[in-house]
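The values are calculated or read from the model by the stated rules, or taken from the named source; none is laboratory data. It should be emphasised that the depicted structure is a prediction, and the values quoted were computed from it without experimental measurement. Quick reminder, even Gly has a Cβ in these numbers, built from the backbone with ideal geometry, and neighbours come from all protein chains shown. The area values use the complete protein model at the heavy-atom level, side chains included, leaving out ligands, DNA and RNA. Shrake-Rupley method; radii C 1.70, N 1.55, O 1.52, S 1.80 Å.
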Amino acid sequence: MLSLTFLGTSAARPTVERGVSSLALVREGETLLFDCGEGTQRQMMRYGVSFALTEIFFTHFHADHFLGIIGLMRTLGLQGREEPMRLYGPKGAKKVLTNAISLGTERVPFGVEIIEVEPGQVIRETGNGKREAYGIKVFATEHGANTIGYALIEDERPGRFDPEKAKAAGVPEGPLWGKLQRGETVVVDGKEIPAAGIVGGKRKGRKVVLTGDTRPCAGTLEAATGADLLIHEATFGEDEKDRAKETNHSTARDAAQVALAAQCRKLVLTHLSARYSISAEELLTEAREVFKETIVAKDGLTIEVPFAE
Ligand SMILES: [Zn+2]
Ligand SMILES: [Zn+2]
């Protein structure tokens, strides 16, 4: 299972309807948090996101993307947490996050490791070993100095096993089927039977891409190629496209053009200007003119990401 829950979808400041940026990704029972704007912990409670997480990934350090870490770390401390926490972010993360988590007089009573990552890097390690069948690729975005996005990319899966074909080839049900499923050749009555023909070709894993704040850019386009889900910021509508350029943000149409060019399966728009807090119909219409499979996020929205095949 792979699902995402939007905890905050407003740009720059919270509104009555929307909190600032944060997104929870749950995969096979593991929870990862991407950005942690002010009020994220309360949104986690409200929308049932587990506090038993060990990694938070930051896209950049504008206040609307990280202030929530201050309170979240205190709450985790009060809960008696002992497990270490890993925080990832672009260059500058160590300084900003060290300051944020040491603000005030309490001390965070568990270990915190802050890791600065660079575009091109694939994060395979976790605090307690290897990531299970996926990596997180860091890519460059265009939103001022040191801003990044993240792509969760699953490994290829084994091909589909066809029990009828196995039986027809004379392989009895049992441990030999397991070997075939792993792609191994088996021997029955002295005869070698290869897995190919009984097990289909390898199947693609899923890819989910999160831009954080950015202009439409080459980094996103490359990272999002063939993505099952692209989560792209869309701060403005077409009537403010000049402002989007000046402030290093995207319009809904910009985001849709990236999704189209990258041949994504689905696009979710988030990080909306306060103007669209109640209704984002205008953004949706503008994006759908370019890329039909678009939706606009709202706080509490959960999206499942199924396998393409
Ligand atoms: Zn922002
Ligand atoms: Zn920003």
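The table below gives the values:
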{"item": "Meets criteria (within 16 Å of the chain's Cα centre (by Cα), of a type in the set (G, A, S) and either farther than 23 Å from G144 by Cβ or away from ligand 1 (no atom under 16 Å from the Cβ) (or both)) for A24", "result": "yes"}
{"item": "All positions within the stretch 112-130 that are in a loop (DSSP other than H, G, I, E, B) and in contact with a strand residue (DSSP E or B) (Cβ under 9 Å, 6 or more places away or on another chain)", "result": "V117, E118, P119, G120, Q121, R124, G127"}
{"item": "Test: residue in the stretch 62-79 that is in contact with a Gly (Cβ under 7 Å, 6 or more places away or on another chain), away from ligand 1 (no atom under 16 Å from the Cβ) and under 28 Å from L283 (Cα atoms)", "result": "no"}
{"item": "Within the stretch 219-228, tally of residues that are surrounded by fewer than 24 Cβ atoms within 10 Å (Cβ to Cβ) and not in a helix (DSSP H, G or I)", "result": "3"}
{"item": "Answer from A280, A234, A252, A297 - the residue that is touching a Phe, Trp or Tyr at 6+ places or on another chain (Cβ under 8 Å), crowded, with 22+ Cβ neighbours inside 10 Å and over 19 Å from L32 (Cβ atoms)", "result": "A252"}
{"item": "Hits in the stretch 16-75 - residues which are of a type in the set (F, W, Y) and buried (at least 23 other Cβ atoms within 10 Å of the Cβ)", "result": "F34, F57, F58, F66"}
{"item": "Filter result (touching a strand residue (DSSP E or B) at 6+ places or on another chain (Cβ under 7 Å) and either of a type in the set (S, T, N, Q) or open to solvent by less than 20 Å² (accessible area, probe 1.4 Å) (or both)) within the stretch 99-111", "result": "F110"}
{"item": "Failed item, numbered, when T5 is tested on (1) more than 16 Å from ligand 1 (Cβ to nearest atom); (2) open to solvent by less than 10 Å² (accessible area, probe 1.4 Å); (3) closer than 17 Å to I231 by Cα", "result": "(2)"}
{"item": "Within the stretch 1-111, strands (runs of 3 or more DSSP E) holding 3 or more residues that are more than 16 Å from ligand 2 (Cβ to nearest atom)", "result": "2-8, 22-27, 30-36, 85-89"}
{"item": "Test: residue in the stretch 83-98 that is more than 29 Å from K207 (Cα to Cα) and either buried (at least 16 other Cβ atoms within 10 Å of the Cβ) or not β-branched (V, I, T) (or both)", "result": "yes"}
{"item": "Number of the exception - G201 against (1) in contact with a Gly (Cβ under 7 Å, 6 or more places away or on another chain); (2) within 21 Å of F57 (Cβ to Cβ); (3) away from ligand 2 (no atom under 16 Å from the Cβ)", "result": "(2)"}
{"item": "Meets criteria (out of contact with any Cys (no Cβ under 9 Å at 6 or more places or on another chain) and of a type in the set (V, I, T)) for T285", "result": "yes"}
{"item": "Contacts under 6 angstrom Cβ, first residue in the stretch 45-74 being over 22 Å from P109 (Cα atoms) and at pLDDT 95 or above, partner assigned to a loop (DSSP other than H, G, I, E, B) and away from ligand 2 (no atom under 16 Å from the Cβ), 6 or more apart", "result": "Y47/G300"}
{"item": "Residues satisfying the stated conditions in the stretch 151-168, i.e. open to solvent by 40 Å² or more (accessible area, probe 1.4 Å) and farther than 14 Å from Q121 by Cα", "result": "D155, E156, R157, P158, R160, D162, P163, E164, K165, K167, A168"}
{"item": "Filter result for I148 (in contact (Cβ under 8 Å) with a residue 12 or more places away in the chain, open to solvent by less than 10 Å² (accessible area, probe 1.4 Å), within 16 Å of ligand 1 (Cβ to nearest atom) and within 23 Å of A218 (Cα to Cα))", "result": "yes"}
